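Here's the structure, in structure tokens; my notes come after.
Read-outs: derived from the displayed coordinates by stated rules, not from any lab. Treat the numbers as computed from the prediction; the structure is a model and nothing was measured. Because the Cβ atoms are built from the backbone with ideal geometry, glycine has one as well, and the counts that use them run over all protein chains shown.
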């Protein structure tokens, strides 16, 4: 995604120089692509001379390659074979990029972001693995022993080493954001200087909206008004990414205990119990970073998360929380 911004600045300066001498410049109408990918929907708007068919073919190819590398729902994907204990899988560029970003955010968050939480995610019923009904403390402790990103390693021969073959890596908190970034790179190389890519709510916006010739307007869902499609905020987004996470859509009621579990699992203690944080949204230079941080902030204490975000000039965040009086309020980082 950083390459998107560097490329954008170079091409934009060239286009600007041309536009100075063209008094008849008229913004081109955006082309739009919609579809299904990575278990969700996507919406792409772009301005370029490239045909819709050509761009669609390129995007389909990108998504297929990323799925083959990172999808835990495909039995023969690289990550699925690694999760089954195959130590011979040589991972591709996409896997390595996501692995390295996971390491970066794991370190930055003090372990609140951790893709090895996958075994617990499965146990709570939010992954492709079999759920464990009435998960007891002993079972949870056993699964916690399989959690810890420091227990994995990317070898020099591009294979993955795990301390235990039962460690389950889950990149779902990175994959959508990463796919958004890669499609953004593709659109830039296709000649587009103004585009918006959205996959399952994870977004990158480059340049301006051709409808308004102003930054893209992005609406953030109100987590308590989803059926009415009411929005918490509408923000302007230009040359940056936005990702959101929340427990308001994905939850599971244990049929034995009756406990309501949410899909945001704390990798430090194994808990999947609802907290006072309803949703998080993060702005970052790239969507994979925003995606990972939005996930981490869901399970991190609010004040700790706010301090970390405000200590990083490249990140901004918005939280929707329930206060002590059971009222809903928004909390924003300093530069949101």
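Laid out as a table, the results:
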| read-out | value |
| --- | --- |
| Overall form of the stretch 265-336 per C-alpha gyration tensor (a/c, 1.5; a/b vs b/c) | oblate |
| Fewest-first sequence of 217, 140 by Cβ atoms within 10 Å of each Cβ | 217, 140 |
| Overall form of the stretch 153-236 per C-alpha gyration tensor (a/c, 1.5; a/b vs b/c) | oblate |
| C-alpha center-to-center spacing [the stretch 80-104, the stretch 281-336] in angstrom | 28 Å |
| Cα gyration tensor, the stretch 31-332 - rounded (a/c under 1.5), prolate or oblate | oblate |
